[in-house]
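Asker: My questions will all concern the structure given below.
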Ligand code: 3AM
C-alpha cells in the first residue's frame, strides 16, 4: 500500500519567513530551517494511505474556520536537556489545531493526544552538542528573549507531503484550504 508522509500547517507570509530566517542565521550553530520550509505545523499525520488522505481532503474542504491572527513571540528550546530544536512560540492557532485533529480522526487518521504548543521551528540541532555549545545557545536565547513579531493574519492552511532526503525534508503543498468567515 502506497502511503504519503503528510502534515497540516499554516504557511507564513514571505516577510515573516525572511525575518525568521535572519533570526535563525544569527545563531552560529545547528541547521537553520530553509526559509521556504518555515511554517507552523498544526498536525503531523505521518504516513497516510491515499484513501484516508482523500477522505481527509473532503472533510477539510467542507470545514469552516475563520482566518487566524498569529502572534510569534519568544524563543524556546524543545527536546529537554539536549535540545533538538529552537523555535519561536506561536499563539492564535489553537482553535484551528483542535478542529484539524478532529477532522483527521473523522477521516480515519487518529492522532496521538498531545498538548499543542504552537511554534515555528527555526533551527535543528545535532543529537550531541559540542562542549560550550549549550552555553552559547543560552546566551543567544537571552539576547533574543524579547523577540516578538507584530501580529498578522493567515488566510489559509495547507496539506503538505514531506519527502525525506539525506540533505533534509522537501515539502510539497498537496492542497490549500481557505480560512474565512
Ligand atoms: O514544524 P515542526 O518542526 O514543529 O518535526 C516535524 C515538523 O514539525 C514534525 O512534523 C513537522 C513537519 O515535518 N514531525 C516529523 N516527524 C514527526 C513525528 N514522528 C513529527 N511530529 C511528530 N511525530
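Asker: Is there any pair with a first residue in the range 1-27 that is within 30 Å of residue 103 (Cα to Cα) and without any contact (Cβ under 8 Å) to a residue 40 or more places away in the chain and a second that is assigned to a loop (DSSP other than H, G, I, E, B) and within 16 Å of the ligand (Cβ to nearest atom) whose Cβ atoms are under 8 Å apart and which are 6 or more apart or on different chains, and what are they?
Answerer: Cβ pairs passing all conditions: 17/38.
Asker: Working only within the range 160-181, note down all residues that are under 16 Å from residue 50 (Cα atoms) and out of contact with any helix residue (DSSP H, G or I) (no Cβ under 7 Å at 6 or more places or on another chain).
Answerer: Initial filter on the range 160-181 (under 16 Å from residue 50 (Cα atoms)): 160-163, 172-175.
Within the range 160-181, 160, 161, 162, 163, 172, 173, 174 qualify.
Asker: Looking at 30, 79, which is the one that is at positive phi and surrounded by fewer than 16 Cβ atoms within 10 Å (Cβ to Cβ)?
Answerer: Details: 30 fails: surrounded by fewer than 16 Cβ atoms within 10 Å (Cβ to Cβ).
When all the criteria are applied, what remains is 79.
Asker: Report yes if residue 90 is in contact (Cβ under 8 Å) with a residue 12 or more places away in the chain and either under 22 Å from residue 167 (Cβ atoms) or within 13 Å of the ligand (Cβ to nearest atom) (or both), otherwise no. Don't jump to the end; show me each part of the working.
Answerer: Details: in contact (Cβ under 8 Å) with a residue 12 or more places away in the chain: yes; either under 22 Å from residue 167 (Cβ atoms) or within 13 Å of the ligand (Cβ to nearest atom) (or both): yes.
Judged against the criteria, residue 90 is a match.
Asker: Look at residue 103 and say whether it is modelled with pLDDT under 95 and over 17 Å from the mean Cα position of the chain (by Cα).
Answerer: Numbers: modelled with pLDDT under 95: no; over 17 Å from the mean Cα position of the chain (by Cα): yes.
No, not satisfied.
Asker: Next up: With within 11 Å of the ligand (Cβ to nearest atom) and modelled with pLDDT under 95 as the only criterion, which of 132, 79, 118 stands out? Quick ask: steps written out before the conclusion?
Answerer: Numbers: 132 fails: within 11 Å of the ligand (Cβ to nearest atom); 118 fails: modelled with pLDDT under 95.
Residue meeting the stated conditions: 79.
Asker: Taking residue 130, is it in a strand (DSSP E or B), free of Cβ contacts under 8 Å to residues at least 24 places away in the same chain and surrounded by fewer than 18 Cβ atoms within 10 Å (Cβ to Cβ)?
Answerer: Values: in a strand (DSSP E or B): no; free of Cβ contacts under 8 Å to residues at least 24 places away in the same chain: yes; surrounded by fewer than 18 Cβ atoms within 10 Å (Cβ to Cβ): yes.
Spelling it out, it is not the case that residue 130 is in a strand (DSSP E or B), free of Cβ contacts under 8 Å to residues at least 24 places away in the same chain and surrounded by fewer than 18 Cβ atoms within 10 Å (Cβ to Cβ).
Asker: Moving on. Please enumerate the residues belonging to the range 38-52 that are within 16 Å of the ligand (Cβ to nearest atom) and surrounded by 17 or more Cβ atoms within 10 Å (Cβ to Cβ). Break it down into steps so the answer makes sense when it comes.
Answerer: Initial filter on the range 38-52 (within 16 Å of the ligand (Cβ to nearest atom)): 38-48.
Across the range 38-52, the qualifying residues are 38, 39, 40, 41, 42, 43, 45, 48.
Asker: Please go through (1) within 14 Å of the ligand (Cβ to nearest atom); (2) free of Cβ contacts under 8 Å to residues at least 12 places away in the same chain for residue 30 and return the number of the only condition it doesn't satisfy.
Answerer: In the conditions (1) within 14 Å of the ligand (Cβ to nearest atom); (2) free of Cβ contacts under 8 Å to residues at least 12 places away in the same chain, residue 30 misses (2) alone.
Asker: All but one of (1) within 16 Å of the ligand (Cβ to nearest atom); (2) under 15 Å from the mean Cα position of the chain (by Cα) hold for residue 163, so report the exception by its number.
Answerer: Here residue 163 clears every test but (2).
Asker: Further question on the same structure: Would you check if residue 111 is within 15 Å of the ligand (Cβ to nearest atom) and either outside any helix (DSSP H, G or I) or in contact with a strand residue (DSSP E or B) (Cβ under 7 Å, 6 or more places away or on another chain) (or both)?
Answerer: Details: within 15 Å of the ligand (Cβ to nearest atom): yes; either outside any helix (DSSP H, G or I) or in contact with a strand residue (DSSP E or B) (Cβ under 7 Å, 6 or more places away or on another chain) (or both): yes.
It is true that residue 111 is within 15 Å of the ligand (Cβ to nearest atom) and either outside any helix (DSSP H, G or I) or in contact with a strand residue (DSSP E or B) (Cβ under 7 Å, 6 or more places away or on another chain) (or both).
Asker: If we scan the range 4-18, do we find a residue that is within 10 Å of the ligand (Cβ to nearest atom) and farther than 30 Å from residue 108 by Cα?
Answerer: Checked the range 4-18: no residue is within 10 Å of the ligand (Cβ to nearest atom) and farther than 30 Å from residue 108 by Cα.
The values are calculated or read from the model by the stated rules, or taken from the named source; none is laboratory data. The shown structure was predicted, so the numbers you read here are calculated from the model rather than taken from an experiment. Here the Cβ is made from the backbone with ideal geometry for all residues, glycine too, and neighbour counts use every protein chain on show.
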